[in-house]
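The values are calculated or read from the model by the stated rules, or taken from the named source; none is laboratory data. Not measured: the values here are computed from a predicted model. Because the Cβ atoms are built from the backbone with ideal geometry, glycine has one as well, and the counts that use them run over all protein chains shown. Calculation scope for accessible area: heavy atoms of the full protein, side chains included, ligands and nucleic acids excluded. Shrake-Rupley method; radii C 1.70, N 1.55, O 1.52, S 1.80 Å.
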Amino acid sequence: MTTDVIIRTEDLEKRFKGGEIHALNGISTQVRRGEVVVVIGPSGSGKSTFLRCLNLLEAPSSGTVTFEGVDITDPGVNINVHRQKMGMVFQHFNLFPHMTVLRNMTIAPVKLLAKSKEEAAGKAMALLERVGLADRADAYPSQLSGGQKQRIAIVRALCMDPDVMLFDEPTSALDPEMVGEVLDVMKQLVRDGMTMVVVTHEMGFAKEVGTRVLFMDYGKIVEENSPAELFSSPKSDRLKSFLAKVL
Amino acid sequence: MTFRERFVFVFIEDDRWKRHLLTGLGRTLLVTLGALAIGVAIGLLISIVRVTHDKQIGQMRRGVLRFLLRFFNRISIIYLTVIRGTPVVVQLLIAFFVIFISSNNKMMVAIITFGVNSGAYVAEIIRGGIMSIDSGQFEAGRSLGFGYIRTMWFIITPQAFKNILPSLANEFIVLLKETSIAGYIGFEDLAKGGDIIRGRTFDAFLPLIAVALVYLVLVIFFTWLTGKLERRLRSSDN
């Protein structure tokens, strides 16, 4: 595992509605290659906003995001090129309903990386095989269960060979019995050494595979530690009360 | 006079069915299709401006592009307000007697008027269709690395088109019937043709019912056609 910094944020701020709502209030942190950073916190704490600022789906009000050495908040930077290297998985899957599973997975590599259809399909099929959904390649998203949709969404992002994967509450919209299958795929990714930033309510996942846990509240990182430390000996009162509620 | 004699007198004599109804039908279809083409073109353009403005202006930095977008958005809103806020008959009369006063090409005036009028409605239909697509679709496209235009093209518009097809077909049918007011500027379309026969033969019932039937058959045909297209596009929704 190398230790170079892949994402660095400096004094990230995000205000909504003309400054009334301060969703992010000065976030400075970094993600090293191979790390699995898990972001936890109560709803409204800004953790999703933080994640969405990392690939600029949400434009920060101020502060910088540096990805692989490039300040992507610089207006002169073509963000589309950098987003190709940052896979994202959403709470509501966001598969393209008018395309088959295979087309969902191949459209970006074919259109953006100029891969041939055969090459992209080959890679997509190999990924589908790994998540046990090879037989659903020709299905449409509406024919899949929630867990299947999310597994497809993960491998769709992987088709672009990203350097980092961003997960925005990937299991929150799932029926309980489907959470496991999605977490399994994510753990598989961790074992492969993928760099990940995961916003989640799954404390078990954070404990088991997280290398570092960020606890956010009111748009700030309140506490930051290894999962073992953070869960067993929380320092701040806010984290203590949060953990008392969720564990 | 038997019905048969009356029918022959009204429609067959002087080739009235051909001179007034058939030619009129041809003109009605021509005006409708011409207006549809203009309407869709204008509608597409206006909706692109409006949607891009609403989606993007918040993230745009000050500059020429942002200024232009603001400007064209304003123009679009004025256009939509004026066109949708005034009766199409009045628009037709203004077009013929004021704007194109030096031209006597009634067909052209009719096509442009109905086209410009329909464009306003089509624009709002398309905009509604694009806005109805969940913003997560847009974000998913962008997060994979697609730019704004390519996300629109590959991901949003195919879904939006499916959603708006019924409204678009409805707009087409409304347009087809609406062109019947072209007689106001003396354009001899299908409706006017029936009216001319009424004037010549002093028989109101047969020609007007005939005209109504032709419109009805047209509408039923186009409704059937779009229904077929809709079912084909629904294939991914099962």
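Can you give the charge dipole size of chain A about its Cα centre, rounded to the nearest 20 debye, using +1 on the beta carbon of Lys and Arg and -1 on the beta carbon of Asp and Glu?
Here chain A has a charge dipole of around 240 debye.
In degrees from 0 to 90, rounded to the nearest 10, what is the angle of the helix A:176-191 Cα long axis to the longest principal axis of chain A?
The angle comes out near 90 degrees.
Accessible area, 1.4 Å probe, largest first: how do B:Glu178, A:Glu118 sort?
I get A:Glu118, B:Glu178, largest accessible area first.
Normalising by the residue count of the stretch A:175-247, find the relative contact order in percent from Cα pairs under 8 Å and 6+ residues apart.
Result for the stretch A:175-247 is 19 percent.
Determine the relative contact order of the stretch B:94-237: mean sequence separation of Cα pairs under 8 Å and six or more apart, normalised by residue count, in whole percent.
22
What lysines sit close enough to B:Lys18 to cross-link, taking a C-alpha to C-alpha distance under 29 Å and skipping anything fewer than 8 places away on the same chain?
Reachable lysines: B:Lys106, B:Lys177, B:Lys192.
Quantify how strongly other chains surround peptide A:86-94 by giving the mean number of their Cβ atoms within 10 Å of each of its Cβ atoms.
4
Could you point to the residue in B:Ala110, B:Leu33, B:His53 farthest towards the positive end of the stretch B:23-139's charge dipole, with +1 and -1 charges on the Cβ of Lys/Arg and Asp/Glu respectively?
Highest projection toward the positive end goes to B:His53.
For chain A, report the % of Cα-Cα distances exceeding 28 Å.
It works out to 33 percent of all Cα pairs.
For A:Lys220, go through the aspartates and glutamates and keep the ones whose alpha-carbon is under 18 Å away, minus same-chain ones fewer than eight residues off.
Of all the aspartates and glutamates, those that pass the test against A:Lys220 - Cα under 18 Å, at least 8 places apart if same chain - are A:Glu10, A:Asp11, A:Glu13, A:Glu20, A:Glu58, A:Asp168, A:Asp237.
Chains A and B: what accessible area do they bury, summed, in square angstrom to the nearest 100, with a 1.4 Å probe?
The contact between B and A buries close to 2100 Å².
Out of the stretch A:15-78, which trypsin sites (Lys or Arg not before Pro) are coil in DSSP terms and have no more than 10 other C-beta atoms within 10 Å?
Filter output for the stretch A:15-78: A:Lys17.
Collect residues whose amide H, placed 1.01 Å from N in the peptide plane, falls under 5 Å from the amide H of A:Ile6; neighbours closer than 5 in sequence don't count.
Excluding prolines and chain starts, which carry no amide H, the hits are A:Val31, A:Arg32, A:Arg33.
Place a +1 charge on the Cβ of each Lys and Arg in the stretch A:61-203 and a -1 charge on the Cβ of each Asp and Glu, then give the dipole magnitude about the Cα centre in debye, rounded to the nearest 20.
Roughly 420 debye for the stretch A:61-203.
For B:Val82, what accessible surface area do you get with a 1.4 Å probe? Give it in Å², rounded to 10.
It works out to around 80 Å².
Could you work out [θ]222 nm for the protein assembly as shown from helices alone, using -39500 (n - 2.57) per DSSP H run of at least four and dividing by all its residues? Round to the nearest 500 deg cm²/dmol.
That comes out to -17500 deg cm²/dmol.
Report relative contact order for the stretch A:1-65 in percent, whole number only (criteria: Cα-Cα under 8 Å, sequence separation at least 6).
42
In whole Å, largest first, what are the principal axis extents of the Cα atoms in chain B?
Here the Cα extents, ordered largest to smallest, are 76, 50, 22 Å.
Could you size up the charge dipole of the protein assembly as shown around its Cα centre, putting +1 on the beta carbon of Lys and Arg and -1 on that of Asp and Glu, and report it in debye to the nearest 20?
Once rounded to the nearest 20, the dipole reads 1100 debye.
Going down the table (A:Lys17/A:Lys47; A:Lys207/A:Lys235; A:Lys123/A:Lys207; A:Lys14/A:Lys85; A:Lys207/A:Lys240; A:Lys14/A:Lys47), which pairs top 20 Å between alpha carbons?
A:Lys123/A:Lys207; A:Lys14/A:Lys85
Using alpha-carbon positions, what is the distance between the centroids of the stretch B:164-225 and the stretch A:97-124, in Å?
A separation of 48 Å, based on Cα centres.
May I ask you to derive the FRET efficiency for B:Ile101 and B:Tyr148 from their Cβ-Cβ distance with R0 = 41 Å, giving the value to the nearest 0.05?
About 0.45, to the nearest 0.05.
What's the FRET efficiency of B:Leu93 with B:Glu230 using the Cβ-Cβ distance as r and R₀ = 45 Å, to the nearest 0.05?
Efficiency computed from Cβ-Cβ geometry: 0.80.
With both partners inside the protein assembly as shown, how many of the DSSP beta bridges are antiparallel, as a percent to the nearest 5?
So the antiparallel bridges amount to about 55 percent of the total.
Modelled label-to-label distance, B:Phe202 and B:Ala41, 7 Å Cα→beta-carbon offset: nm?
4.8
Once you order the gyration tensor axes a ≥ b ≥ c over the Cα atoms, which shape class does the stretch B:2-43 get: rounded for a/c under 1.5, otherwise prolate or oblate by comparing a/b with b/c?
Prolate is the answer for the stretch B:2-43, as a/c is 1.5 or above and a/b outweighs b/c.
Would you be so kind as to identify which of A:Pro141, A:Pro234, A:Gln91 lies farthest towards the positive end of the dipole of chain A, taking Lys and Arg as +1 and Asp and Glu as -1 on Cβ and the Cα centre as origin?
A:Pro141
A:Asp74 accessible area, nearest 10 Å², 1.4 Å probe?
About 70 Å², rounded to the nearest 10.
Averaged across B:146-152, how many Cβ atoms of other chains sit within 10 Å of each residue's Cβ atom?
3
By accessible area of protein heavy atoms, probe 1.4 Å, what ranking do A:Ile79, B:Ile101, A:Ile27 get, highest first?
Result, largest first: B:Ile101, A:Ile79, A:Ile27.
How far apart, in nanometres, would the label points at A:Asp74 and B:Leu30 be if each is projected 7 angstrom from Cα along the Cα-to-Cβ direction?
Reported label-point gap for A:Asp74 and B:Leu30 is 6.1 nm.
Enumerate by residue number the trypsin sites (Lys or Arg not before Pro) in the stretch A:79-126 meeting two conditions: DSSP loop (anything except H, G, I, E, B), and at most 10 other Cβ atoms within 10 Å of the site's Cβ.
Those that pass, being in a loop and sparsely packed, number zero.
If you take the charge dipole of the protein assembly as shown about its Cα centre, with +1 on Lys and Arg Cβ and -1 on Asp and Glu Cβ, which of A:Phe67, B:Gly43, B:Leu206 is farthest toward its positive end?
Result: B:Leu206, furthest along the dipole toward the positive end.
What do you reckon, how do B:His53, A:His92 stack up by accessible area (1.4 Å probe), largest on top?
Descending accessible area places them as A:His92, B:His53.
Taking a ≥ b ≥ c as the square roots of the eigenvalues of the Cα gyration tensor of the stretch A:115-168, is the shape rounded (a/c under 1.5), prolate (a/b larger than b/c) or oblate?
oblate
Label B:Gln59 and B:Arg74 with points 7 Å out from Cα along Cα→Cβ: what is the distance between them in nm?
That separation, rounded to one decimal, is 2.5 nm.
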